Amino acid sequence: MQSVIKKSLVGALMFVAISVSGQSSTHIVTGVVTEKVNADLWVNKLDGNKIQRVAEYKISPSNGSFLFAIPKDSASLYRFQLNVMKPHGRHFTNDKICLVTLPLSPDKDYSLSITPSKFDSLQKKGWEVKQLATSPKFALVAGSVKNVTISMVSLNTVSEGELKNVTTVTTNSKGEFAIPVNVKSKGFYYLVSPRWKSRFYLQPLDNLQVEVDNKTGFLSSVNGSLVNQILYNWQQLTLPVTSYGYNLSTFNSDNFDLTSYVNNYKKLQPSMDAFVKDIDIKDNAVKTQIREALCIDKELAPINLLFQLSAKKIGAYRPQPKDFNDVPDFYKTFIQPGKFNTTSLLKIGETRQYMKLYALLNVGALPKEKKDQLSKGEKLKLMINSISNDTLKSYLFKDQMDQIEINNLSEFREIFEPLKKYAKLSPANEAYKGIFAAYAGDTAFIGKSAYDFSLPDSTGKMVSMKDFKGRVVLIDVWATWCGPCKAQMPFLKEIEEEYAGNKNIVFVGISLDKMDARQKWMNMVNEKQLGGVQLIDDFGKAFGRKYQLTAIPRFMLIDKHGKWIEIRCPKPEAKEDLKKYIDKALLGNSEQLPMANGW
């Protein structure tokens, strides 16, 4: 190990000799969006009739600055396009586009400021460009990508335990790239492409030169600081266990031999442990951070591999798994009390991913009979309790709230409310309040009468829910133009068949098609052989707007007394989940419904 460190130091000293010339030969545009906005900034190179995207940046209210390295080629005209976004529900939509076209010399430095609210391209207002007399100071990540003509390379920083994109650049025809970055505080950064990922450590004014093979994701050389040489040597050491869905994102899992992988891991483990132990860096804080990152690599690489292998292949497609299918004994050795006990782990880009998989591993390692009996709420509680630190628990809780699909306020109260003490911290607090607000309005309908609307069937006869008094009613709200609605039809048909002959339940379809599309609606009813009672609502005039339906498909349940049990039921694709709601209603109990197992 000492020889490894010495070699790293030599590499660092060699790089000092070339770092100054490396930075001074790179000229940049240092830019700022002067207002607090959410925006995408695109930089396009204009070369005759050709337009090529050469860089992308995420602009946010907390960070409106950017640095653009001017390519050393024949092109001199560049278009900066700022796409200002505005909130629209839970998403963002385009609000304004600001276009600035500039002639830039690769031998000069510039500053560019854009003020979106004052921007006028015709009057040339709302933006200002200046040539700088002195070159600005910045860190530089540069190098080349082999075995690819043109590639997209992103520089990511670490934000609260996960990766956050700083900028994305396009390599030139030789695979070369240069990314200037304003490093405000030292820490981990990541180069990421659609195929590979590499971790580095940057300080203000650092210069890092890398060469990576796009096919394999292997780093063939790194010139940089001592810390980066250590990270490079670590990546070379761990290639046998990190080249399968970890540093390299793609691999052939169809015929993968997990037993051979585990045996190779065990052989390599003493060398990995010795490498981590023998790291010799004078700065103890940096040394601790490096060791924590490498320890995550040691465990996350095999755990992530097992998780990816848990996905069941559907034809030629292998979807993202949701759980571990089976946990071999070797993997159970990673489960230990007291893990995730310090918030310093949030400075590492893989921490949130590792927390999720480690928590799922704790569930997956349970005996099958016990695992199958867990409700959603019980499963989530077990996952949260596998993490030691309360702040880290809050981050895991937030991530699980983003991933767990709940259907209504009853499920919110059953799954998330018991863990609300972990929602006191941001960002879990915002997620918790947002989900609650999405369903809180449902209380205006639950337990109230459903006998307040009538709709026509295919013959024009008006049908009221009063007509089904004494029977449970499951309503499917759909439309002929709704693809997701049509995707649920085969699953709904299966459920209808299971309750065929049961006179205590009726299935009602309500289409939100306009009345002038009545024939199209009737044709689809016949084409899809839709069962039950089919009604049309003329674009929601009598029913959809009354019940504030903003998205379909929607499945709703009425009890035998004509009162709403639930206006957001599970979709038929989750057959067993939906059947629990139906069976509870058939028993005559319209109180809060039981939770379904699984996710």
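The values are calculated or read from the model by the stated rules, or taken from the named source; none is laboratory data. What you see is a predicted model; the values in this text were computed from it and never measured. A quick note on method: Cβ atoms are made from the backbone with ideal geometry, for glycine too, and the neighbour counts reach across all protein chains shown. Calculation scope for accessible area: heavy atoms of the full protein, side chains included, ligands and nucleic acids excluded. Shrake-Rupley method; radii C 1.70, N 1.55, O 1.52, S 1.80 Å.
Would you point out the residue of region 78-129, among those that are free of Cβ contacts under 8 Å to residues at least 40 places away in the same chain, polar (S, T, N, Q) and part of a strand (DSSP E or B), that is surrounded by the most Cβ atoms within 10 Å (Cβ to Cβ)?
This residue is N94.
Looking at (1) modelled with pLDDT of 95 or more; (2) in contact with a Lys or Arg (Cβ under 7 Å, 6 or more places away or on another chain), which is the one condition that is false for D329?
Only one criterion in (1) modelled with pLDDT of 95 or more; (2) in contact with a Lys or Arg (Cβ under 7 Å, 6 or more places away or on another chain) is unmet by D329, namely (2).
Run down V32, V43 and say which single residue is open to solvent by less than 20 Å² (accessible area, probe 1.4 Å) and modelled with pLDDT of 85 or more.
Numbers: V32 fails: open to solvent by less than 20 Å² (accessible area, probe 1.4 Å).
Exactly one of V32, V43 is open to solvent by less than 20 Å² (accessible area, probe 1.4 Å) and modelled with pLDDT of 85 or more, namely V43.
Let me spell it out: the conditions are (1) under 17 Å from F468 (Cβ atoms); (2) under 38 Å from the mean Cα position of the chain (by Cα), and V506 meets all of them except one. Which number is the exception?
Only one criterion is unmet by V506, namely (2).
Can you name the residue in region 267-296 that is over 32 Å from the mean Cα position of the chain (by Cα) and among the charged types (D, E, K, R) and, of all such residues, is farthest from T342 (Cα to Cα)?
K267
Any residue at all in region 271-286 that's open to solvent by less than 70 Å² (accessible area, probe 1.4 Å) and polar (S, T, N, Q)?
Yes; the residues of region 271-286 include at least one that is open to solvent by less than 70 Å² (accessible area, probe 1.4 Å) and polar (S, T, N, Q).
Those residues that are more than 15 Å from I384 (Cα to Cα) and of a type outside the set (D, E, K, R), I need them from region 343-364; list them, please.
Listed by number, the residues that qualify are T343, S344, L345, L346, I348, G349.
Would you point out which residue out of L82, L132 is in contact with a Leu (Cβ under 8 Å, 6 or more places away or on another chain) and of a type outside the set (F, W, Y)?
Testing whether each residue is in contact with a Leu (Cβ under 8 Å, 6 or more places away or on another chain) and of a type outside the set (F, W, Y) leaves just L82.
Got at least one residue in region 169-176 being over 26 Å from the mean Cα position of the chain (by Cα) and open to solvent by less than 40 Å² (accessible area, probe 1.4 Å)?
Yes, because at least one residue in region 169-176 is over 26 Å from the mean Cα position of the chain (by Cα) and open to solvent by less than 40 Å² (accessible area, probe 1.4 Å).
Find the residue count for region 130-160, including only residues that are outside any strand (DSSP E or B), open to solvent by less than 60 Å² (accessible area, probe 1.4 Å) and either more than 23 Å from S225 (Cα to Cα) or among the β-branched types (V, I, T) (or both). Before the answer, list the steps.
Going through region 130-160, the residues outside any strand (DSSP E or B) turn out to be 132-138, 147-151, 160.
With open to solvent by less than 60 Å² (accessible area, probe 1.4 Å) added as a condition, the list becomes 132, 136, 138, 148, 151.
If we keep only those that are either more than 23 Å from S225 (Cα to Cα) or among the β-branched types (V, I, T) (or both) too, we end up with 132, 148, 151.
Number of matching residues: 3.
In this structure, does N362 turn out to be under 17 Å from A428 (Cα atoms) and at pLDDT 95 or above? Outline the logic, then answer.
Details: under 17 Å from A428 (Cα atoms): no; at pLDDT 95 or above: yes.
No: the conditions fail for N362.
Name the single residue that is modelled with the lowest pLDDT among those in region 46-71 being loosely packed, with under 15 Cβ neighbours inside 10 Å and polar (S, T, N, Q).
By that ranking, first place goes to N49.
Answer yes or no as to whether L237 is surrounded by fewer than 18 Cβ atoms within 10 Å (Cβ to Cβ), modelled with pLDDT of 95 or more and closer than 29 Å to N147 by Cβ.
Yes, satisfied.
How many residues does region 421-453 hold that are more than 30 Å from G562 (Cβ to Cβ) and either surrounded by 14 or more Cβ atoms within 10 Å (Cβ to Cβ) or β-branched (V, I, T) (or both)? Please lay out each step first, then the result.
Residues of region 421-453 that are more than 30 Å from G562 (Cβ to Cβ), as a first pass: 421-434.
Now narrow it down to the ones that are either surrounded by 14 or more Cβ atoms within 10 Å (Cβ to Cβ) or β-branched (V, I, T) (or both): 422-423, 425, 427-429, 431-432.
Here the count works out to 8.
Pick from region 335-349 the residues that are under 25 Å from the mean Cα position of the chain (by Cα) and in a loop (DSSP other than H, G, I, E, B): which of them is nearest to Q308 (Cα to Cα)?
G349
Return the only residue of S154, S144, S193 being in contact with a Ser or Thr (Cβ under 7 Å, 6 or more places away or on another chain) and under 19 Å from P71 (Cα atoms).
Of S154, S144, S193, the one residue that is in contact with a Ser or Thr (Cβ under 7 Å, 6 or more places away or on another chain) and under 19 Å from P71 (Cα atoms) is S154.
Given (1) part of a loop (DSSP other than H, G, I, E, B); (2) modelled with pLDDT under 95, where does K571 come up short, assuming only one miss?
(2)
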